[in-house]
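Remarks on the structure that follows.
The values are calculated or read from the model by the stated rules, or taken from the named source; none is laboratory data. The structure displayed is predicted, hence computed values, not measured ones. All Cβ positions, glycine included, derive from the backbone under ideal geometry; neighbour counts span all protein chains shown.
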Amino acid sequence: MFMEERQKDIVRKVNETGRILVSEIQECYQISADCARRDLRMLESRGLLQRTHGGAIAVHPREIYPAPTYNPIEIKEIQTDYLAVAQKAIESIQNKDVIYITTSLVGYYMAENLPKDLTITVLTNSVTIAEVLRKKINVTVILLGGEMSHRGHCHDFYTIQMVKNIRMNKAFLSHAALSLDFGASIHDPAGVEFGKAVMKNSRVNIGLYPSKKIGKHSIHSVCKVNDYDLLITDDNVSEDFLIQVRELGVAVETVHLEGGNPA
């Protein structure tokens, strides 16, 4: 089989199953690991797949625009990649910390899975997350109020003023998308200044980005990648992204997803 035919077949397999391993390519086409990786590099450069640790996954649309009324409580099926990132983020929290938890699905999973014996103060501008935390006796909740959006959270002038008066140990943030060239981005411009205010008043800023959010962009940039002190993602992330982020001086932690990339 010629190289062009092999690469076309690799793309077909990735699009059908969602992912492929270097070892599978070696076995299927009787080529070396180096040759398999070269094929994946070439295909990624053409935008036909996204390389990961040990293989590749199918590419997703590069633009992300959440629904105007989206709320994480409505997602009934557990998103295992988001949950894995959330659980890894919880490991960074220490007793007596004052933290901010993002309004996104990964933040919702953090709130649900906080240990019962962890005594902390949590800032949130999400009424959904506040309701989850209300039932945790050891968690003090500071609800950042203002005009509430249809998605159930606040990020207006009044919310920003509250944030400016509170110092945090750690802020756990996750925006719609993250890319090296455009940074963290969102679809609603009203959230930009709020996100900047949170990061300014936090000693440590931690970005929580499942790999499906990485390498994509929304409309409005909130911050650069290297404005984060730490990024947490899953092991389906592109190898090139990890290399470039670490070259920027940002620490990265990846979590393993059992069974590969979730649907």
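With the structure loaded, tell me whether residue 56 is part of a strand (DSSP E or B), touching a Lys or Arg at 6+ places or on another chain (Cβ under 9 Å), modelled with pLDDT under 95 and buried (at least 16 other Cβ atoms within 10 Å of the Cβ) or whether it fails that test.
Here the answer is yes, as residue 56 does meet what is asked.
Could you count how many residues in the range 193-232 are surrounded by fewer than 22 Cβ atoms within 10 Å (Cβ to Cβ), in a helix (DSSP H, G or I) and at pLDDT below 95?
1
Go over the candidates 31, 93 one by one and state the one that is modelled with pLDDT of 90 or more, outside the structural domain of residue 201 (by TED's automatic domain parsing) and part of a loop (DSSP other than H, G, I, E, B).
Every option except 31 fails the conditions.
Condition (residue is in contact with a His (Cβ under 7 Å, 6 or more places away or on another chain) and either outside the structural domain of residue 247 (by TED's automatic domain parsing) or within 21 Å of residue 233 (Cβ to Cβ) (or both)) applied to the range 103-126: is it met by at least one residue? I'd like the intermediate steps shown before the answer.
The first filter runs over the range 103-126 and keeps only residues in contact with a His (Cβ under 7 Å, 6 or more places away or on another chain), leaving 103, 125-126.
Still in the running and either outside the structural domain of residue 247 (by TED's automatic domain parsing) or within 21 Å of residue 233 (Cβ to Cβ) (or both): 103.
Yes, the range 103-126 contains a residue that is in contact with a His (Cβ under 7 Å, 6 or more places away or on another chain) and either outside the structural domain of residue 247 (by TED's automatic domain parsing) or within 21 Å of residue 233 (Cβ to Cβ) (or both).
Among the residues of the range 137-186, which ones are surrounded by 15 or more Cβ atoms within 10 Å (Cβ to Cβ), in a loop (DSSP other than H, G, I, E, B) and hydrophobic (A, V, I, L, M, F, W, C)?
144, 166, 176, 180, 182
Given the conditions (1) in contact (Cβ under 8 Å) with a residue 60 or more places away in the chain; (2) in a helix (DSSP H, G or I), and given that residue 246 satisfies all but one, which numbered condition is not satisfied?
Checking residue 246 against (1) in contact (Cβ under 8 Å) with a residue 60 or more places away in the chain; (2) in a helix (DSSP H, G or I), the one that fails is (1).
Kindly establish whether residue 40 is closer than 23 Å to residue 240 by Cα and not in a helix (DSSP H, G or I).
Taking the combined requirement at face value, the residue does not satisfy it.
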